[in-house]
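Input: a single structure, listed below in structure tokens.
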Amino acid sequence: MKLPFHDYHIHTVYSGHSDPDMIVSDVIRYAEARGLEEIALTEHSFDWHLGPDGNMKLIKKEIRKAAPRIKVFAGMEICPDFKHPGRLVYEDFDKGSIYPVLTGFHSYPGFDKGWHELLNMSPADKKKIYSSWLGIMEKVVENPLVDILAHPCRIIMQNGIVREFTGPILKDLENLFIAAKTRAVAVELNEGLFCRINGDRIRKSYLDVFRLAIEKGVKISIGSDSHRILDVGNFDNIYSAALELGLKKKDFLSLSQ
Ligand SMILES: [Zn+2]
Ligand SMILES: [Zn+2]
């Protein structure tokens, strides 16, 4: 099986926390050298200078200046707005002027802690986070600005909030994917996420999430979530997942089509 060689989730020096080698033109040259067909630069919405004259404008200018030989999209990864479920923390742009728009959780709703922090959560806390996460996901998938759900479920796989994707959780996800299909929102196989999954049981059941997405007709987007140049187009985990899932070319999102 040959994966479409797209990387639709790449960060740059503009994130403020990527390696200094993630200069836009260098990322493009590296992606070309690796034989990638399409890439999307998808900078975070946090710690960022937004607005029409902000970093987005500078990134677009750098892309133009680099004169890419491959298709390069100027997208963004924008957090959902926890205070206004269904909205994104940044929406001051026209649909399509930033493309693709990825959305995903980077902190725990109601807890003000980063997704990667090890926290001592009570069962009641976990239940509360899960239900806030689900409520926000169900609404944000309806937001017309959103194109891709980035690293889906990553936040609820941390700190033992969800230990396995089974019965009721898959039922919740089924409803989410039905809405995603209706809105033509894709879900992302995220290489970075796979590197952080601990344990076979959760990894195996995480693939069931994508089985369900495919069954509901949702497209799969591929993203490395690179913050350093050697990770661009590195899909070792995604490749094995795609093999296990038996994904076909038609199952993948293509931004240029
Ligand atoms: Zn992210
Ligand atoms: Zn990211």
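Below is a table of values for the structure above.
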| quantity | calculated |
| --- | --- |
| Given (1) within 29 Å of E142 (Cβ to Cβ); (2) assigned to a loop (DSSP other than H, G, I, E, B), number of the condition R69 does not satisfy | (1) |
| Members of region 122-162 found to be outside any loop (DSSP other than H, G, I, E, B), closer than 15 Å to F111 by Cα and not β-branched (V, I, T), listed by number | P123, A124, D125, K126, K127, K128, Y130, S131, S132, W133 |
| Residue match in region 95-106 (condition: at pLDDT below 95, buried (at least 19 other Cβ atoms within 10 Å of the Cβ) and touching a strand residue (DSSP E or B) at 6+ places or on another chain (Cβ under 9 Å)) | yes |
| Where H17 falls short, out of the listed (1) modelled with pLDDT of 90 or more; (2) within 15 Å of ligand 1 (Cβ to nearest atom) | (1) |
| Test for D236: is it touching a Phe, Trp or Tyr at 6+ places or on another chain (Cβ under 6 Å), over 23 Å from K95 (Cα atoms) and in contact (Cβ under 8 Å) with a residue 12 or more places away in the chain | no |
| Qualifying residue in region 163-183 (condition: in contact with a helix residue (DSSP H, G or I) (Cβ under 9 Å, 6 or more places away or on another chain), closer than 24 Å to M56 by Cβ and not aliphatic (A, V, I, L, M)) | no |
| Residue ID - surrounded by the most Cβ atoms within 10 Å (Cβ to Cβ), chosen from residues in region 107-131 that are away from ligand 2 (no atom under 16 Å from the Cβ) and within 29 Å of A40 (Cα to Cα) | Y108 |
| Criterion (within 15 Å of ligand 1 (Cβ to nearest atom), in contact (Cβ under 8 Å) with a residue 60 or more places away in the chain and buried (at least 17 other Cβ atoms within 10 Å of the Cβ)) met by exactly one of I39, I10 | I10 |
| Region 107-120, subset among the aromatic types (F, W, Y) and touching a strand residue (DSSP E or B) at 6+ places or on another chain (Cβ under 9 Å), residue farthest from ligand 1 (Cβ to nearest atom) | Y108 |
| Of residues in region 60-102 being among the β-branched types (V, I, T) and within 30 Å of A33 (Cβ to Cβ), the one nearest to ligand 1 (Cβ to nearest atom) | I78 |
| Residue within region 180-196 that is small (G, A, S) and over 25 Å from A40 (Cβ atoms) present | no |
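Results for (1) surrounded by 15 or more Cβ atoms within 10 Å (Cβ to Cβ); (2) more than 14 Å from the chain's Cα centre (by Cα); (3) within 16 Å of ligand 1 (Cβ to nearest atom); (4) more than 20 Å from A31 (Cβ to Cβ), shown as yes or no for each residue.
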{"residue": "G199", "(1), (2), (3), (4)": "no, yes, no, yes"}
{"residue": "R203", "(1), (2), (3), (4)": "yes, yes, no, yes"}
{"residue": "L207", "(1), (2), (3), (4)": "yes, yes, no, yes"}
{"residue": "F210", "(1), (2), (3), (4)": "yes, no, no, yes"}
{"residue": "A213", "(1), (2), (3), (4)": "yes, yes, no, yes"}
{"residue": "I220", "(1), (2), (3), (4)": "yes, no, no, no"}
{"residue": "H227", "(1), (2), (3), (4)": "yes, no, yes, no"}
{"residue": "D231", "(1), (2), (3), (4)": "yes, yes, yes, no"}
{"residue": "S240", "(1), (2), (3), (4)": "no, yes, no, yes"}
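The values are calculated or read from the model by the stated rules, or taken from the named source; none is laboratory data. Only a predicted model underlies this, so the values are computations on that prediction, with no experimental measurement involved. Glycine gets a Cβ as well: all are built from the backbone with ideal geometry, and neighbour counts include every protein chain shown.
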